[in-house]
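Some notes on the structure that comes next.
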């Protein structure tokens, strides 16, 4: 029978085991305290007045340009996307007729300037109508807040940081 090679196995005494448990408990306590403090500081920074905390993306991936263009052309109506970015932005996404699917996309806010969110503009076939005031806007969105749109690899994106 072969004898085990190497130094003999050393067993810990009761006192050593207790010390090891205390050290582990202390490490867990320090890490937990650090995570709680970090969370409190992050919440404080985010909830300050005038804090600029962007929890959502500034870019909205609308979808396939080809599919969207076919849908808009078939319905003869711009697509309405509601409740984007913390219930603050509703937009119409439209494509200019007769242009290639990768060009001439428009993203237009679906509310008149300073209008409440309950007054969503409606498409009248030639432009937009404000149901609350009766004001009309042309199909290109002039007079409304418009956002930069672009197509990358056949996908339409809207950039909420850049207005036109």
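May I ask you to list the residues in the range 96-111 that are buried (at least 20 other Cβ atoms within 10 Å of the Cβ) and more than 23 Å from the chain's Cα centre (by Cα)? Once the filter is applied, which keeps residues that are buried (at least 20 other Cβ atoms within 10 Å of the Cβ) and more than 23 Å from the chain's Cα centre (by Cα), the range 96-111 yields nothing. Quick check on my filter: what residues within the range 97-123 are at negative phi, out of contact with any strand residue (DSSP E or B) (no Cβ under 7 Å at 6 or more places or on another chain) and without any contact (Cβ under 8 Å) to a residue 24 or more places away in the chain? If the condition is that a residue be at negative phi, out of contact with any strand residue (DSSP E or B) (no Cβ under 7 Å at 6 or more places or on another chain) and without any contact (Cβ under 8 Å) to a residue 24 or more places away in the chain, then 99, 100, 115, 116, 118 are the ones that fit.
Do we find that residue 83 is at pLDDT below 90 and assigned to a loop (DSSP other than H, G, I, E, B) in this structure? No; evaluated as a whole, the condition is false for this residue. It is to be established whether one or more residues within the range 5-14 are modelled with pLDDT under 95, out of contact with any helix residue (DSSP H, G or I) (no Cβ under 6 Å at 6 or more places or on another chain), surrounded by 10 or more Cβ atoms within 10 Å (Cβ to Cβ) and farther than 20 Å from residue 150 by Cα. Yes, the range 5-14 contains at least one residue that is modelled with pLDDT under 95, out of contact with any helix residue (DSSP H, G or I) (no Cβ under 6 Å at 6 or more places or on another chain), surrounded by 10 or more Cβ atoms within 10 Å (Cβ to Cβ) and farther than 20 Å from residue 150 by Cα.
Suppose the filter is modelled with pLDDT under 90, on the phi < 0 side of the Ramachandran plot and touching a strand residue (DSSP E or B) at 6+ places or on another chain (Cβ under 8 Å); does residue 147 pass it? Here the answer is no, as residue 147 does not meet what is asked. If you go through the range 117-136 one residue at a time, do you hit one that is within 23 Å of residue 63 (Cα to Cα), modelled with pLDDT of 90 or more and part of a loop (DSSP other than H, G, I, E, B)? Yes - at least one qualifying residue is present in the range 117-136. From the list 130, 94, 58, the one residue that fits, being within 30 Å of residue 43 (Cα to Cα) and either in the same structural domain as residue 43 (by TED's automatic domain parsing) or in contact with a strand residue (DSSP E or B) (Cβ under 8 Å, 6 or more places away or on another chain) (or both), is 58.
The values are calculated or read from the model by the stated rules, or taken from the named source; none is laboratory data. Given the structure is predicted, the values throughout are model-derived calculations rather than measurements. Note: ideal-geometry Cβ built from the backbone for every residue, glycine included; neighbour counts use all protein chains shown.
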